[in-house]
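Participant: Dumping the structure here so I can ask a few things about it.
The values are calculated or read from the model by the stated rules, or taken from the named source; none is laboratory data. Since we're looking at a predicted model, the values are computed, not measured. Glycine gets a Cβ as well: all are built from the backbone with ideal geometry, and neighbour counts include every protein chain shown. These area figures cover heavy atoms from the full protein model, side chains too; ligands, DNA and RNA do not enter into them. Shrake-Rupley method; radii C 1.70, N 1.55, O 1.52, S 1.80 Å.
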Amino acid sequence: MSERYDFLLVYAERFIGVIMTLIGVALVYNTYTNRSAAGLAYGYFLVMGVILTILGLVIVLVKTRQP
């Protein structure tokens, strides 16, 4: 693999992690502030938002292995 490809891959992974974190935070915030809109699925959306936030942070913070 070329060095340029590795560079792009690492930053694409970080970008996806940031996007996942932002989506998770927005989901948790909107679900928490407007519980009536979620109805019975309130807990589901809250848990999915927390999982997305944690997964996004892990993707951003963990260093990828360079061959």
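Participant: Mind pulling the angle between the C-alpha long axis of helix 3-33 and the longest principal axis of the chain? Nearest 10 degrees, somewhere in 0 to 90.
Facilitator: It works out to around 10 degrees.
Participant: Over the chain, with every protein chain in place, what whole percent of the accessible area is carbon and sulfur at 1.4 Å, could you tell me?
Facilitator: Carbon and sulfur together cover 72 percent of it.
Participant: Any idea what angle helix 42-61 forms with the longest principal axis of the chain, computed on alpha-carbon atoms, 0 to 90 degrees, nearest 10?
Facilitator: 20
Participant: May I ask for the percentage of alpha-carbon pairs in the chain that lie more than 16 Å from each other?
Facilitator: Cα-Cα pairs of the chain separated by over 16 Å account for 53 percent.
Participant: Which order do peptides 29-36, 55-62 fall in by mean Cβ count within 10 Å, highest first?
Facilitator: In descending order of packing, they fall as 55-62, 29-36.
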